[in-house]
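Q: Quick one: the structure is below, questions incoming.
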Amino acid sequence: MIEAFLGRWHGKVEAFFPSIGHYFYEETLRVEKDAERPFFFYEQQVWITDEAGVRERKSHWESGFINILEDGSLQMNNAQNNGRTEVLRGYYDPATKTINLESVAFSNDPRMVKTARRWSLPSEEVLKYEMDMEIQAVKPLQPHLAATLFRTADR
């Protein structure tokens with residue numbers, strides 16, 4: 001199932017959103033599995049970069065868990081360095097090797113209305129990550145980022 005997402009991933013990304021503009025960043029994603037229970041831990045760290053890819057400052061830091069529920073669906077619980085917490089639910093599509101999630105709850109950020117996330121594996125060494133976002137000031141749901149991350153040697 002989603003064990004194929006395990007490991008460390010890294011890449012350079014473009015982000016965009018009407019209220020914050022267009023910018024570049026570098027991301028590291030780590031996904032680990034609990035040895036005995038049906039959940040995964042993940043951590044994302046982001047550094048804002050210039051167009052050449054030179055790090056300018058640390059930005060976003062997020063961590064959480066992806067639980068496999070009794071019916072086979074998925075639930076992601078995360079906390080972010082700005083204080084926001086989020087719960088998303090969805091499923092894994094084995095035909096496309098994609099995790100599809102949509103938000104069901106937020107706390108500590110009244111701006112948020114909805115998010116949708118997709119993690120897909122076009123190959124064993126490439127993870128594509130997309131996020132759409134809707135906030136009070138920007139409706140409806142809009143693309144926010146699209147990342148292509150590559151598996152690192154330290155799996």
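Q: If a residue has to be among the acidic types (Asp, Glu) and either in contact with a Lys or Arg (Cβ under 6 Å, 6 or more places away or on another chain) or open to solvent by 50 Å² or more (accessible area, probe 1.4 Å) (or both) to count, how many in the stretch 85-99 make the cut?
A: The total comes to 0.
Q: Where in the stretch 41-94 are the strands (runs of 3 or more DSSP E), entirely inside, with at least 1 residues that are among the hydroxyl-bearing types (Ser, Thr, Tyr)?
A: 55-68, 85-93
Q: Might you check whether a residue that is part of a loop (DSSP other than H, G, I, E, B) and either free of Cβ contacts under 8 Å to residues at least 24 places away in the same chain or touching a His at 6+ places or on another chain (Cβ under 7 Å) (or both) occurs anywhere in the stretch 4-15?
A: No.
Q: Being more than 14 Å from the chain's Cα centre (by Cα) and within 24 Å of residue 138 (Cα to Cα) narrows it down to one of 105, 95, so name that one.
A: Testing whether each residue is more than 14 Å from the chain's Cα centre (by Cα) and within 24 Å of residue 138 (Cα to Cα) leaves just 105.
Q: Name the residues in the stretch 67-84 that are touching a His at 6+ places or on another chain (Cβ under 9 Å) and open to solvent by less than 40 Å² (accessible area, probe 1.4 Å), would you?
A: Within the stretch 67-84, just 80 meets the criteria.
Q: What are the residues in the stretch 1-27 that are over 23 Å from residue 112 (Cβ atoms) and open to solvent by less than 40 Å² (accessible area, probe 1.4 Å), if any?
A: 2, 5, 7, 9, 11, 26 - these are the residues of the stretch 1-27 that are over 23 Å from residue 112 (Cβ atoms) and open to solvent by less than 40 Å² (accessible area, probe 1.4 Å).
The values are calculated or read from the model by the stated rules, or taken from the named source; none is laboratory data. Predicted model only: the values in this text are computed from it and were never measured. Every residue, glycine as well, gets a Cβ built from its backbone with ideal geometry; the counts of neighbours run over all protein chains shown. Just the protein is used for accessible areas: all its heavy atoms, side chains included, with ligands, DNA and RNA removed. Shrake-Rupley method; radii C 1.70, N 1.55, O 1.52, S 1.80 Å.
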